[in-house]
Amino acid sequence: MTALDTVFSTCREEERAALVTYLPAGFPDVAASREAMVALVESGADIVEVGVPYTDPLMDGPVIQDAADRALAQGFRVRDLLGNVEAISSAGGVAVVMSYWNPILRYGPEAFARDLAAAGGSGLITPDLIPDEAADWRAAAQTHGLAPIFLVAPSSTDERLALTTAACRGFVYAASTMGVTGTRTSVGSGAAELVSRTRAVTDLPISVGLGVSTREQAAEVASFADGVIVGSALVRALGEGAASGAGLAPLRALTAELAEGVRRR
Amino acid sequence: MTQQDTEQNAGQDTGQNAGQDTGQQHAEHPGRFGDFGGRFVPEALIAALDELDAARTSAMTDPEFTAELARLHRDYTGRPTPLTEVPRFAAHAGGARIFLKREDLTHTGSHKINNVLGQALLTVRMGKKRVIAETGAGQHGVATATAAALMGLECTVYMGEKDTRRQALNVARMRLLGAEVIPVRHGSSTLKDAINEALRDWVTNVEDTHYLLGTVTGPHPFPTMVRDFHRIIGDEAHDQLQAVTGGLPDIVCACVGGGSNAMGIFQRFRDEPSVRLVGFEAGGEGVDTGKHAARFSSGEPGVLHGAATYVLQDEDGQTLESHSVSAGLDYPSVGPEHSHLRDTGRAEYHPINDDEAMDAFALLCRTEGILPAIESAHALAGALQLGRDAGPDTVILVNLSGRGDKDVETAAQWFGLTGEDAVQAEAPGDDADGPTPDQAHAPSEGIES
């Protein structure tokens with residue numbers, strides 16, 4: 001049983017959803033991003049997604065893209081993220097990496113899987129790598145005991161839901177709305193339907209992302225999904241804390257609020 | 001499937017059955033060209049790509065569709081475009097004969113219209129009401145805005161902010177045609193970033209929107225589909241040249257940004273082993289300076305904008321910024337089939353620096369009265385070099401992919417023909433100021449006159 005399996009089975013026993021939080025590595029700088037990810041663990045995040053800043057993040061909205069640009073401008077290197085993964089693991093958290101494919105391809109899928117596993121990582125989410133193109137990655141992940149986590153979307157056909165979930169381990173990432181990352185006033189009515197369609201083809205836990213930013217939204221998603229994924233709202237809180245001198249306080253507060261939300265299913 | 005099978009398929013994947021061949025023979029890896037191509041995009045787009053693939057496959061075998069496209073090419077685009085021999089220009093090419101395929105004479109002024117009309121018809125066929133496009137030099141944007149106006153579609157064009165400045169005339173043209181032009185300020189503010197924004201828009205609005213991608217890159221089926229809409233260039237040129245010379249060209253030249261005009265003219269000749277296929281990419285200020293768009297000179301295989309292909313990238317896989325005097329070639333990636341042609345040795349690719357391209361630009365203006373797009377001037381410069389190397393009587397076919405009206409301001413600045421100084425300036429080639437055409441190869445008629 002992997003760490004991801006343990007998280008979701010614990011959450012199931014507690015009759016709640018898991019809180020899955022995203023921050024990009026290297027933002028606002030390398031050291032501060034590690035502290036921020038530890039703060040997520042300490043404030044109630046069950047799983048931390050370590051984002052890899054990339055020059056061409058075509059699924060990200062402006063908040064995450066700006067943070068990634070800043071990390072890159074400050075000299076972020078892909079290998080730096082392994083320190084984030086170690087920090088999360090040391091703090092008792094469960095880390096997965098989220099990356100566009102080219103940085104991993106350049107690193108070497110086998111070498112990346114080896115190094116990520118050695119750092120204590122549990123898996124990799126690939127927003128622009130579908131299972132159809134992922135044979136090398138799936139083999140490397142298998143070798144090193146990592147979970148390949150692919151996305152399903154409202155536009156996915158039932159055939160593709162089956163194909164994609166069959167290739168996933170750990171959990172399935174359900175992109176609840178058609179669009180890029182960023183907070184929304186509503187989560188999207190299609191989310192529950194997508195989860196329901198996905199449940200019909202897999203027993204894996206299903207986490208819902210793209211749009212959640214408040215306790216109420218977290219509770220709403222927790223009512224039908226196994227995991228609630230929050231990204232842009234946390235990135236914004238981290239950025240505001242860094243800019244205002246409040247440090248990690250806004251990030252901790254929002255994480256705690258969201259952790260409360262996933263317990264109100 | 002073996003590598004050889006894949007290559008053969010790529011080579012034979014022509015004409016009306018293109019979509020079927022690709023779809024059937026690449027069941028596991030649709031749209032692969034050897035190690036390149038594929039679909040590296042969010043899952044949210046897969047359904048739309050499948051829909052597009054099915055639509056183009058059925059359309060290309062539907063006589064009604066092909067007849068309508070042929071009618072538009074004839075009555076609207078102005079096809080066939082002429083083939084023009086340019087002896088005064090060729091006098092600088094070591095005695096080679098140079099023929100230009102005149103895509104600059106199409107409606108809207110570049111080869112881009114061939115693909116756009118095909119995809120716009122597909123958009124209507126799929127029942128979508130809106131198109132989005134990316135554009136670098138603006139020619140693809142103008143063509144898309146034109147087709148959208150013609151067919152009653154809504155149109156949004158993404159353009160890097162830097163390109164909106166250097167191609168201001170085309171921005172105005174697109175707006176006059178009713179398109180919304182959105183300047184993109186992320187990253188390098190050029191074509192690459194415009195594609196990112198267009199993909200974001202598409203992910204969000206895929207239900208009623210078609211992404212009318214303008215070159216032979218992107219996820220399958222775009223590279224194959226765009227190539228097939230452009231193969232008319234090579235088909236016409238082949239027959240026209242045959243009529244004039246009775247044979248095949250020795251060399252076919254084209255500029256390569258994404259590579260659509262090159263793929264269009266190469267396609268008819270790729271199975272003719274005697275014909276050299278040569279693509280010219282932007283060497284910018286020089287491949288050694290780091291300010292260029294020479295993917296095959298210093299790029300590495302990677303993934304960008306949905307396809308596995310050569311990419312200018314650093315050791316972390318981050319995309320490097322490209323540079324070129326030509327907005328249309330200023331792109332850090334290249335169509336995946338070009339990567340395949342390059343790695344299998346079927347085509348060769350060489351960089352042409354900004355100054356070499358501008359010299360060729362000036363030379364064609366002054367010797368033949370033809371103002372080429374700066375993109376196409378890269379192919380012209382390449383043809384001059386190849387002609388000198390290859391010797392007399394070599395027949396070189398150059399795809400003149402577009403006209404240079406959009407580039408007049410850039411060229412005028414390059415040659416110092418704007419502002420108060422312009423009153424005194426003679427012309428490109430005048431030996432007073434600025435970069436000049438290669439004096440050693442100046443035409444006997446006197447480019448300095």
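The values are calculated or read from the model by the stated rules, or taken from the named source; none is laboratory data. In this text the structure is predicted, and so the values were computed from the model without any measurement. Counting neighbours? That spans all protein chains shown, and the Cβs are built from the backbone with ideal geometry, glycine included.
Taking the stated definitions as given, is B:Glu207 surrounded by fewer than 24 Cβ atoms within 10 Å (Cβ to Cβ) and at the interface with chain A (Cβ under 9 Å from one of its Cβ atoms)?
Working: surrounded by fewer than 24 Cβ atoms within 10 Å (Cβ to Cβ): yes; at the interface with chain A (Cβ under 9 Å from one of its Cβ atoms): yes.
Yes.
If you go through region B:123-144, how many residues are within 17 Å of B:Val226 (Cα to Cα) and of a type in the set (Gly, Ala, Ser)?
4
So A:Gln142 clears everything in (1) surrounded by fewer than 24 Cβ atoms within 10 Å (Cβ to Cβ); (2) among the polar types (S, T, N, Q); (3) part of a loop (DSSP other than H, G, I, E, B) except one condition, right? Which one?
Among (1) surrounded by fewer than 24 Cβ atoms within 10 Å (Cβ to Cβ); (2) among the polar types (S, T, N, Q); (3) part of a loop (DSSP other than H, G, I, E, B), A:Gln142 violates only (3).
Which count do you get for residues in region A:151-185 that are at the interface with another protein chain (Cβ under 7 Å from one of its Cβ atoms) and hydrophobic (A, V, I, L, M, F, W, C)? Break it down into steps so the answer makes sense when it comes.
Keep residues of region A:151-185 that are at the interface with another protein chain (Cβ under 7 Å from one of its Cβ atoms), which gives A:151-153, A:155-157, A:160, A:164, A:175, A:178-180.
Checking which are hydrophobic (A, V, I, L, M, F, W, C) leaves us with A:151-153, A:175, A:178, A:180.
Residues meeting the conditions: 6.
Has region A:194-202 got at least one residue that is modelled with pLDDT under 90, within 14 Å of another protein chain (Cβ to nearest Cβ) and farther than 30 Å from A:Leu116 by Cα? Show your work before the answer.
First pass over region A:194-202, keeping only residues modelled with pLDDT under 90: none.
Checking region A:194-202: not a single residue is modelled with pLDDT under 90, within 14 Å of another protein chain (Cβ to nearest Cβ) and farther than 30 Å from A:Leu116 by Cα.
A:Leu72 - would you say it is in a helix (DSSP H, G or I) and buried (at least 21 other Cβ atoms within 10 Å of the Cβ)?
On the way: in a helix (DSSP H, G or I): yes; buried (at least 21 other Cβ atoms within 10 Å of the Cβ): no.
The answer is no for A:Leu72.
Residues of region A:107-133 being more than 10 Å from every other protein chain (Cβ to nearest Cβ), surrounded by 18 or more Cβ atoms within 10 Å (Cβ to Cβ) and either under 17 Å from B:Ile46 (Cα atoms) or under 18 Å from the mean Cα position of the chain (by Cα) (or both), which ones?
Scanning region A:107-133 gives A:Phe112, A:Ala113, A:Leu116, A:Ala117, A:Ala119, A:Gly121, A:Ser122, A:Gly123, A:Leu124, A:Ile125.
Does B:Gly247 satisfy the criteria of being part of a loop (DSSP other than H, G, I, E, B) and within 14 Å of another protein chain (Cβ to nearest Cβ)? So that I can check it myself, show each step before the final result.
Details: part of a loop (DSSP other than H, G, I, E, B): yes; within 14 Å of another protein chain (Cβ to nearest Cβ): no.
Considered against the rule, which asks whether it is part of a loop (DSSP other than H, G, I, E, B) and within 14 Å of another protein chain (Cβ to nearest Cβ), B:Gly247 comes out as no.
Each row is one residue, and each column tells you yes or no for (1) surrounded by 24 or more Cβ atoms within 10 Å (Cβ to Cβ); (2) modelled with pLDDT of 95 or more; (3) on the phi > 0 side of the Ramachandran plot; (4) under 20 Å from the mean Cα position of the chain (by Cα).
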{"site": "B:Asn353", "(1), (2), (3), (4)": "no, yes, no, yes"}
{"site": "B:Leu371", "(1), (2), (3), (4)": "no, yes, no, yes"}
{"site": "B:Glu375", "(1), (2), (3), (4)": "yes, yes, no, yes"}
{"site": "B:His378", "(1), (2), (3), (4)": "yes, yes, no, yes"}
{"site": "B:Asn399", "(1), (2), (3), (4)": "yes, yes, no, yes"}
{"site": "B:Gly404", "(1), (2), (3), (4)": "no, yes, no, yes"}
{"site": "B:Trp414", "(1), (2), (3), (4)": "no, yes, no, no"}
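Against the condition under 18 Å from the mean Cα position of the chain (by Cα) and assigned to a helix (DSSP H, G or I), how does A:Val97 come out, does it pass?
Details: under 18 Å from the mean Cα position of the chain (by Cα): yes; assigned to a helix (DSSP H, G or I): no.
No, not satisfied.
Looking at region A:183-195, can you tell me whether even one residue there is under 18 Å from A:Pro24 (Cα atoms) and in a helix (DSSP H, G or I)? Please lay out each step first, then the result.
Applying the first criterion (under 18 Å from A:Pro24 (Cα atoms)) to region A:183-195 yields A:183.
Filter once more, keeping what is in a helix (DSSP H, G or I): none.
No, the conditions are met nowhere in region A:183-195.
When residues of region B:250-262 are filtered for being outside any loop (DSSP other than H, G, I, E, B) and either farther than 15 Å from B:Gly402 by Cα or of a type in the set (Phe, Trp, Tyr) (or both), how many remain?
Residues that pass the stated criteria total 2.
Report, by residue number, each residue of region A:1-54 that is closer than 12 Å to A:Ala71 by Cβ, in contact with a Ser or Thr (Cβ under 8 Å, 6 or more places away or on another chain) and hydroxyl-bearing (Ser, Thr, Tyr).
Selection gives A:Tyr54 alone.
Picking from B:Asp355, B:Asp314, B:Asp330, B:Asp359, which residue would you name as being more than 19 Å from B:Gly38 (Cα to Cα) and touching a strand residue (DSSP E or B) at 6+ places or on another chain (Cβ under 7 Å)? Show your work before the answer.
Working: B:Asp355 fails: touching a strand residue (DSSP E or B) at 6+ places or on another chain (Cβ under 7 Å); B:Asp314 fails: touching a strand residue (DSSP E or B) at 6+ places or on another chain (Cβ under 7 Å); B:Asp359 fails: touching a strand residue (DSSP E or B) at 6+ places or on another chain (Cβ under 7 Å).
Of the residues listed, the single one that is more than 19 Å from B:Gly38 (Cα to Cα) and touching a strand residue (DSSP E or B) at 6+ places or on another chain (Cβ under 7 Å) is B:Asp330.
Exactly one of (1) more than 14 Å from chain A (Cβ to nearest Cβ); (2) on the phi > 0 side of the Ramachandran plot; (3) at pLDDT below 95 is unmet by B:Gly34. Its number?
(3)
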